[in-house]
Amino acid sequence: MNAVKRGLALILKKPDFRNLMSAQLLAQAGDGIVQTALAKFIVFGGQEGFDLEGARDPQELLRIALYLFVPYTILSPFLGVVIDRWDRRRLLWLANGLRAVVILLIGLVTIDRLPDFVVFLAFLLTLTSTRIVLATKAAAIPATVGETDLVDANAVSQLGGALFQLGGAGVAFVAAEYVEPDPIAIAGALVYGIGAIFALKIRHAGEARAKLTFGQELGRVVGNIADGLREVGRTPKAGAAITTYFWLRLLWSFSIVSIGFVARELLGNEEMTILVITGGAGAIGAVLGFVLAPRLVERVKTTGTLVLGASLVAGAAIMVFGAIEMNVALAIMTFWLGFGFFLAKITLDSMVQEALGDDFRGRAFSLYDIAYNLAWVIAAGGLKVFYSPDIQGLLIAAMGAVFLVGVAGIAAWYRNAGLLSAVAPRSVR
């Protein structure tokens with residue numbers, strides 16, 4: 001409960017952090033509402049919507065991953081420069097406000113009267129805008145809470161975001177039983193709009209920026225991308241954190257989809273039971289990671305030690321339980337995967353925020369986005385090549401073993417870079 005109290009204290013005592021969280025959480029709640037409303041109109045590979053974790057076979061997973069992630073991977077480095085060089089308040093306002101207008105117009109026109117490609121583009125707009133909001137939020141958190149409360153702030157952001165998106169989707173799912181999708185989409189647009197208003201209430205989201213127009217900043221974008229890559233490259237803490245995130249995300253992407261394949265084979269069409277195993281158990285593990293993260297940071301010698309420990313927990317669970325095709329084994333595996341991934345992710349965000357100055361954080365978190373995209377595409381490609389129902393359990397366990405070998409290499413990098421000897425930051429009470 002101490003973690004919850006500290007998170008609430010940050011929200012109550014730090015107005016800029018409160019407004020930043022409001023902009024983020026409402027963006028993700030709006031996503032849950034709007035994407036649920038649009039999903040039934042997007043039929044892809046036999047399923048409604050673009051749910052990577054709900055993909056029913058490797059070929060479908062790869063197609064979805066390529067459609068979703070290749071375009072944003074191309075744009076991401078440019079957006080990272082914009083986050084660093086432009087007013088972050090205005091960027092958050094624009095990301096939420098633009099899609100609020102677009103989704104509102106779509107809802108007023110009525111979704112079923114629009115061409116499929118328009119609905120698809122609207123769906124991609126919601127995804128891309130949220131990625132911009134999340135990267136901007138991550139870059140702005142240190143300016144809103146200071147350097148001493150980063151772990152608590154990141155924990156609030158990540159758990160709150162997951163809960164608000166799930167809550168928005170749940171509300172939309174229930175509402176869809178009683179009303180048409182159009183008013184649901186309009187409600188989501190209004191939620192986006194309120195998030196945009198909160199973004200404008202943030203007083204300080206980073207250092208003062210040069211008085212350049214958006215067009216002028218775009219003209220300098222290539223040089224700024226190169227500067228960002230060089231800065232991350234010569235800052236071992238940032239480079240190691242982003243690499244670790246990629247490796248963890250690869251484990252998550254490969255494992256959670258594979259667990260879904262096994263669960264569907266065991267349970268057939270019992271979708272609610274499958275959701276409990278693949279989503280519920282992981283969510284409980286993630287909440288435990290949120291509760292324990294601030295306390296564990298105080299007990300370890302370095303944040304790097306905590307990241308490696310959390311990674312070992314996630315990888316060991318996949319390796320040990322991966323080959324056991326039983327419901328309880330799947331639930332245990334998903335629980336520890338959620339716990340290890342979430343605990344490590346909170347700490348990794350803090351490492352990047354501590355390692356880099358305010359003028360480079362946007363580009364660093366755009367590299368996070370690229371790592372996220374590549375992990376999903378590589379996981380989907382690997383499953384497309386190697387997956388077979390006859391060896392699916394062994395394949396999951398093998399992924400856990402490969403992941404642990406990679407963690408050993410990352411640990412050597414941490415040790416050589418001095419990330420296991422520096423004192424971990426302590427939160428100020």
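The values are calculated or read from the model by the stated rules, or taken from the named source; none is laboratory data. Keep in mind it's a predicted model, so treat the numbers as computed, not measured. Here the Cβ positions follow ideal geometry from the backbone for every residue, glycine too, while neighbour counts run over all protein chains shown.
Cβ separations smaller than 9 Å between residues 6+ apart or across chains give the following pairs from region 244-258 residues that are assigned by TED's automatic domain parsing to the domain that holds L395 and of a type in the set (G, A, S) to residues that are outside any helix (DSSP H, G or I) and surrounded by 24 or more Cβ atoms within 10 Å (Cβ to Cβ): S255/G322; S258/G322.
Considering (1) crowded, with 23+ Cβ neighbours inside 10 Å; (2) over 27 Å from Q392 (Cα atoms), the lone condition that F254 does not fulfil carries the number (2). Does D349 satisfy the condition of being more than 17 Å from F261 (Cβ to Cβ), touching a residue at least 24 places away in the same chain (Cβ under 8 Å) and either of a type in the set (A, V, I, L, M, F, W, C) or not in a helix (DSSP H, G or I) (or both)? No, not satisfied. Considering only region 341-368, state which residues are touching a Phe, Trp or Tyr at 6+ places or on another chain (Cβ under 7 Å) and of a type in the set (F, W, Y). F341, F342, Y368 - these are the residues of region 341-368 that are touching a Phe, Trp or Tyr at 6+ places or on another chain (Cβ under 7 Å) and of a type in the set (F, W, Y).
Could you go through region 117-136 and let me know if any residue there is over 23 Å from L68 (Cα atoms), in the same structural domain as K13 (by TED's automatic domain parsing) and not small (G, A, S). The answer is no; no qualifying residue exists.
So which residues in region 327-355 are farther than 22 Å from G161 by Cβ and crowded, with 23+ Cβ neighbours inside 10 Å?
Looking only at region 327-355, we keep the residues that are farther than 22 Å from G161 by Cβ, and these are 327-333, 355.
Across region 327-355, the qualifying residues are L330, M333.
The condition (being over 25 Å from G362 (Cβ atoms) and surrounded by 19 or more Cβ atoms within 10 Å (Cβ to Cβ)) is satisfied by just one residue among I83, I141, I106, I132: I106.
Against the condition closer than 27 Å to F17 by Cβ, touching a residue at least 60 places away in the same chain (Cβ under 8 Å) and of a type in the set (A, V, I, L, M), how does I111 come out, does it pass?
Details: closer than 27 Å to F17 by Cβ: no; touching a residue at least 60 places away in the same chain (Cβ under 8 Å): yes; of a type in the set (A, V, I, L, M): yes.
So I111 does not fit the description; no.
Scanning region 159-207 for residues that are in a helix (DSSP H, G or I) and either more than 23 Å from the chain's Cα centre (by Cα) or surrounded by fewer than 21 Cβ atoms within 10 Å (Cβ to Cβ) (or both) yields a count of 23. Of the helices (runs of 4 or more DSSP H) lying entirely inside region 238-340, those carrying at least 2 residues that are over 30 Å from K5 (Cβ atoms) and touching a helix residue (DSSP H, G or I) at 6+ places or on another chain (Cβ under 7 Å) are 271-275, 303-321.
Looking across region 14-42 at every residue that is at pLDDT 90 or above and among the basic types (K, R), the one that is nearest to L114 (Cα to Cα) is identified as R18. Checked against (1) more than 22 Å from the chain's Cα centre (by Cα); (2) buried (at least 20 other Cβ atoms within 10 Å of the Cβ); (3) modelled with pLDDT of 95 or more, M319 passes all but condition (2).
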